[in-house]
C-alpha cells in the first residue's frame, strides 16, 4: 500500500460502520413494529453490511503490512479475500430471504401491519444507505480500493432492498397481502446478482489473471535498442491497482553483463512509463 492509504481506507470503513449501525437500528425498530419480511430482510442486509465493514477493517489492517520473507509480494490479496467474505454474507442473506418468502406465501408467517411512522423511518434509513453508497464509491475510486468498491456494491443492493421494503409496507396497507413475500424474493435475486458482480471483479486478482496483453508488453519492450526479441511476457494486478510484469528479453550473445543490466533498467523504465504503477522483473537470455 502507498503510505497512508490503508489508514484512509480504514477510517472510511469505520465511518460507514457507524452509518450502517444507524440504518440497522431504524430497520429493526420498523421490523419489530410491523413484522414485515422485507423490512426484516432489509435489517439483515444492513446488519451484514456492518459485518462486512468489520471484515474489511480486519482485512485492510493485514493487507497494509510490509512485504516479508513469507510474503515477498506484500499482503494486498488479503484485501481482495475480504471481498469474498462480503460475498459469503450476501449468500446467507439471499438464502434466508428466499426461505422466509416461501414460508410466508405458504401462510407460515402473517402479513405485516404498518403505520405512517414506519414508512418515514424507512425513508430515513434509505437516505443513510444512499449516502453510504456514494461515499464508498468516491473513496474507493480515489484510494484504488477493491474493498470499498465491493462494499459500495453491497450497500447499493441495500438501497434497493429498503425501497422494496417501503413498497411492501404500502402495498400491504392497501390490501396486497402477498406483496411482502413476493418482493422478498425479488430482494433475494438482487442480492445474488450483487454477489456475482463482486466475484467477477475479485477472482481475477486472486488467481493472478493476465492484467496486460502479452503482445502489448512485448511491443513496449521491443522499442528498447539492443533488445533482439521477447521470449515471455506476463503480468498480474493487485487490489490497489499495482501492476507486476515479468518479461524475458533476448540480447546479442556477446553482450557484457554490464550492458545487459543497462538493458533491463531501460525495459523497467519503459514498462513503468507506459503502464503506470508497474513493477517489472526482467530476465536476460542470449539470442
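The values are calculated or read from the model by the stated rules, or taken from the named source; none is laboratory data. If you're wondering where the values come from, they're calculated on a predicted model, not measured in any experiment. Every residue, glycine as well, gets a Cβ built from its backbone with ideal geometry; the counts of neighbours run over all protein chains shown.
Selection within the range 46-71: residues that are assigned to a helix (DSSP H, G or I) and free of Cβ contacts under 8 Å to residues at least 40 places away in the same chain. The member of this set that is surrounded by the most Cβ atoms within 10 Å (Cβ to Cβ) is 55. There is no residue in the range 97-112 that is assigned to a helix (DSSP H, G or I), within 22 Å of the chain's Cα centre (by Cα) and touching a residue at least 24 places away in the same chain (Cβ under 8 Å).
So is residue 98 assigned by TED's automatic domain parsing to the domain that holds residue 60, in contact with a helix residue (DSSP H, G or I) (Cβ under 7 Å, 6 or more places away or on another chain) and modelled with pLDDT under 85 or not? It is false that residue 98 is assigned by TED's automatic domain parsing to the domain that holds residue 60, in contact with a helix residue (DSSP H, G or I) (Cβ under 7 Å, 6 or more places away or on another chain) and modelled with pLDDT under 85. Checked against the criteria, residue 202 counts as within 30 Å of residue 140 (Cβ to Cβ), in the same structural domain as residue 32 (by TED's automatic domain parsing) and outside any loop (DSSP other than H, G, I, E, B). Being at pLDDT below 75, assigned to a helix (DSSP H, G or I), buried (at least 20 other Cβ atoms within 10 Å of the Cβ) and within 17 Å of the chain's Cα centre (by Cα) is a description that applies to residue 82. Residue 232 - would you say it is assigned to a helix (DSSP H, G or I), surrounded by fewer than 20 Cβ atoms within 10 Å (Cβ to Cβ) and outside the structural domain of residue 59 (by TED's automatic domain parsing)? Spelling it out, it is not the case that residue 232 is assigned to a helix (DSSP H, G or I), surrounded by fewer than 20 Cβ atoms within 10 Å (Cβ to Cβ) and outside the structural domain of residue 59 (by TED's automatic domain parsing). Taking the range 277-287 as the range and being more than 26 Å from residue 238 (Cβ to Cβ) and part of a strand (DSSP E or B) as the test, the residues that pass are 285, 286. Considering 156, 150, 165, 179, the condition of being buried (at least 20 other Cβ atoms within 10 Å of the Cβ), without any contact (Cβ under 8 Å) to a residue 24 or more places away in the chain and assigned by TED's automatic domain parsing to the domain that holds residue 76 is satisfied by 179 alone. Tell me yes or no: at least one residue of the range 185-206 is touching a residue at least 24 places away in the same chain (Cβ under 8 Å), within 30 Å of residue 146 (Cβ to Cβ) and touching a strand residue (DSSP E or B) at 6+ places or on another chain (Cβ under 6 Å). No. Kindly check whether there is at least one residue in the range 264-276 that is assigned to a loop (DSSP other than H, G, I, E, B), at pLDDT below 85 and under 24 Å from the mean Cα position of the chain (by Cα). Yes, the range 264-276 has at least one match. State whether the residues of the range 208-216 include one that is crowded, with 19+ Cβ neighbours inside 10 Å, touching a residue at least 12 places away in the same chain (Cβ under 8 Å) and under 28 Å from the mean Cα position of the chain (by Cα). Checking the range 208-216: at least one residue is crowded, with 19+ Cβ neighbours inside 10 Å, touching a residue at least 12 places away in the same chain (Cβ under 8 Å) and under 28 Å from the mean Cα position of the chain (by Cα).
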